[in-house]
1. Across segment 45-65, what is the number of residues that are touching a residue at least 40 places away in the same chain (Cβ under 8 Å) and over 20 Å from residue 10 (Cβ atoms)?
2. I'd like to verify a number: residues in segment 9-22 that are surrounded by fewer than 16 Cβ atoms within 10 Å (Cβ to Cβ) and either of a type outside the set (Val, Ile, Thr) or in contact with a strand residue (DSSP E or B) (Cβ under 7 Å, 6 or more places away or on another chain) (or both), how many?
3. Search segment 1-16 for residues being in a helix (DSSP H, G or I) and out of contact with any helix residue (DSSP H, G or I) (no Cβ under 7 Å at 6 or more places or on another chain), and hand back the single one that is modelled with the highest pLDDT.
4. Yes or no: residue 19 in contact with a Cys (Cβ under 6 Å, 6 or more places away or on another chain), under 15 Å from residue 107 (Cβ atoms) and either at pLDDT below 80 or of a type outside the set (D, E, K, R) (or both)?
5. Take residue 71 and tell me if it is of a type outside the set (Gly, Ala, Ser), more than 16 Å from residue 24 (Cα to Cα) and touching a helix residue (DSSP H, G or I) at 6+ places or on another chain (Cβ under 6 Å).
6. Among the residues of segment 24-39, write down those that are part of a helix (DSSP H, G or I) and surrounded by fewer than 16 Cβ atoms within 10 Å (Cβ to Cβ).
7. Might you let me know whether segment 78-85 holds any residue that is touching a helix residue (DSSP H, G or I) at 6+ places or on another chain (Cβ under 7 Å), under 22 Å from residue 22 (Cβ atoms), of a type in the set (A, V, I, L, M, F, W, C) and in a helix (DSSP H, G or I)?
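The values are calculated or read from the model by the stated rules, or taken from the named source; none is laboratory data. The structure presented is a predicted model; accordingly, all values stated were derived computationally and were not measured. Positions of Cβ are backbone-derived with ideal geometry, glycine not excepted, and every protein chain shown enters the neighbour counts.
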Amino acid sequence: MIFKYSRKVLQLTSVVFTVIILFQLLTEQHLDNTRIYELLALSLVLSLVKIIINKYVISVDSIFNPLIYIIIIWLMVLASNYLFNWNMSLISIFSTLAEVILIYLCVRLINFQYEKIEVKKMNEILDRNRKNKQ
């Protein structure tokens with residue numbers, strides 16, 4: 001069971017981290033090793049929060065789930081601003097909300113494509129099993 005959740009967390013962390021780094025590169029942000037480690041830690045925490053929200057707080061099917069998750073992400077980025085001394089201006093703090101929404105949509109799109117591939121593979125396996133039984 002721990003392996004199942006750790007796999008989900010690591011998979012989501014890698015997608016979130018990749019999308020965050022891409023956004024940082026597209027917006028021409030300075031990325032040194034320290035900043036990359038901070039973003040990796042933030043990605044891991046965000047993935048853990050997502051798993052916890054889905055498991056214990058709100059159902060995955062709820063329309064409030066994405067809204068709560070986006071708000072939590074934004075608050076965690078704001079907390080990281082103070083924790084890691086990123087020195088974000090007031091304008092960048094509010095523009096971060098738009099970035100968080102864009103990153104969330106990108107991650108959802110990537111996960112949707114991944115889930116489509118998994119469902120297709122599962123359907124192929126079921127079809128093979130049905131043919132073997134006949």
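1. Of all residues in segment 45-65, those touching a residue at least 40 places away in the same chain (Cβ under 8 Å) come to 51.
Of the ones still in play, those that are also over 20 Å from residue 10 (Cβ atoms) are none.
Residues in segment 45-65 being touching a residue at least 40 places away in the same chain (Cβ under 8 Å) and over 20 Å from residue 10 (Cβ atoms): 0 in total.
2. Residues in segment 9-22 being surrounded by fewer than 16 Cβ atoms within 10 Å (Cβ to Cβ) and either of a type outside the set (Val, Ile, Thr) or in contact with a strand residue (DSSP E or B) (Cβ under 7 Å, 6 or more places away or on another chain) (or both): 4 in total.
3. Within segment 1-16, the subset in a helix (DSSP H, G or I) is 2-16.
Subset that is out of contact with any helix residue (DSSP H, G or I) (no Cβ under 7 Å at 6 or more places or on another chain): 2-4, 6-7, 10-11, 14.
Working: 2: 66, 3: 68, 4: 68, 6: 77, 7: 75, 10: 77, 11: 78, 14: 81.
The extreme case among them is 14.
4. yes
5. So residue 71 fails the test.
6. 25, 26, 33, 34, 35, 36, 37
7. Checked segment 78-85: at least one residue is touching a helix residue (DSSP H, G or I) at 6+ places or on another chain (Cβ under 7 Å), under 22 Å from residue 22 (Cβ atoms), of a type in the set (A, V, I, L, M, F, W, C) and in a helix (DSSP H, G or I).
Residue-by-condition table, conditions (1) modelled with pLDDT under 80; (2) among the basic types (Lys, Arg); (3) surrounded by 16 or more Cβ atoms within 10 Å (Cβ to Cβ):
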{"position": "47", "(1), (2), (3)": "no, no, yes"}
{"position": "52", "(1), (2), (3)": "no, no, no"}
{"position": "59", "(1), (2), (3)": "yes, no, no"}
{"position": "91", "(1), (2), (3)": "no, no, no"}
{"position": "99", "(1), (2), (3)": "no, no, yes"}
{"position": "128", "(1), (2), (3)": "no, yes, no"}
